[in-house]
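The next block holds one structure in the form of structure tokens; read it before the comments.
The values are calculated or read from the model by the stated rules, or taken from the named source; none is laboratory data. Worth saying up front: this structure is predicted, and the values here are computed from it rather than measured. Please note: Cβ atoms are built from the backbone with ideal geometry, for glycine as well, and neighbour counts cover all protein chains shown.
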């Protein structure tokens, strides 16, 4: 186990040193066209998004599917924002989360599927690294019947980004299209980039001025990054919109 003060130095390569009791459980699920890992997270704990924030480790999922199947990219529901001990910002999930991908081929109840997963589970005192090689059950455990709940938690697209008054200054335009709510936070979906100096200008579309730059010690991804704008809907649901910030001319 490690305390939050030491989290900044943690890496996946050193995660085995984080000895302690792993309480998060995970299993492979599928509905024939999609494959996922369903994480069950005990009360008071959380695991991390693709960008864990100022500290932590991203959750990793690598699927192993039948020959000829090429899974698509992992779909991440909109995470929660945590303020961790030491005023450290983190992004992740509590309770339960499904991380899934399109399978790239039809899967049957007898299809051999597996996944290698790793995560960092934390509470307000300490963090424990978990990892597992998961084999799909026979027959395959199905994606829960309330999968629409997970689909509704995926971020939407349709927003645009344009350069502002400088090479790292951007203006994001978010068309509400009836989704009106209040912007809560803006973050990079890739830990190699950071979003700072955020200014939200109300309207339709709402405009967000911000700085998007490489994280310390990193190079800005050549292919650009997705910036997530998280907002609370009128029904107090956490929603999100992805904005592509290009990586050219960096």
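So the values come out like this:
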item: Checklist (1) surrounded by 17 or more Cβ atoms within 10 Å (Cβ to Cβ); (2) farther than 27 Å from residue 193 by Cβ applied to residue 67, failing item; result: (1)
item: Residue tally, condition touching a residue at least 60 places away in the same chain (Cβ under 8 Å) and under 19 Å from residue 125 (Cβ atoms), over region 81-104; result: 4
item: Out of 162, 177, sole residue that is farther than 16 Å from residue 79 by Cα, surrounded by fewer than 18 Cβ atoms within 10 Å (Cβ to Cβ), at pLDDT 85 or above and more than 22 Å from the chain's Cα centre (by Cα); result: 162
item: Residue 81 closer than 30 Å to residue 194 by Cβ and either out of contact with any strand residue (DSSP E or B) (no Cβ under 9 Å at 6 or more places or on another chain) or in the same structural domain as residue 50 (by TED's automatic domain parsing) (or both); result: yes
item: Qualifying residue in region 138-149 (condition: touching a strand residue (DSSP E or B) at 6+ places or on another chain (Cβ under 7 Å) and modelled with pLDDT of 85 or more); result: no
item: Members of region 24-53 found to be over 26 Å from residue 107 (Cβ atoms) and surrounded by fewer than 19 Cβ atoms within 10 Å (Cβ to Cβ), listed by number; result: 42, 43, 44, 45
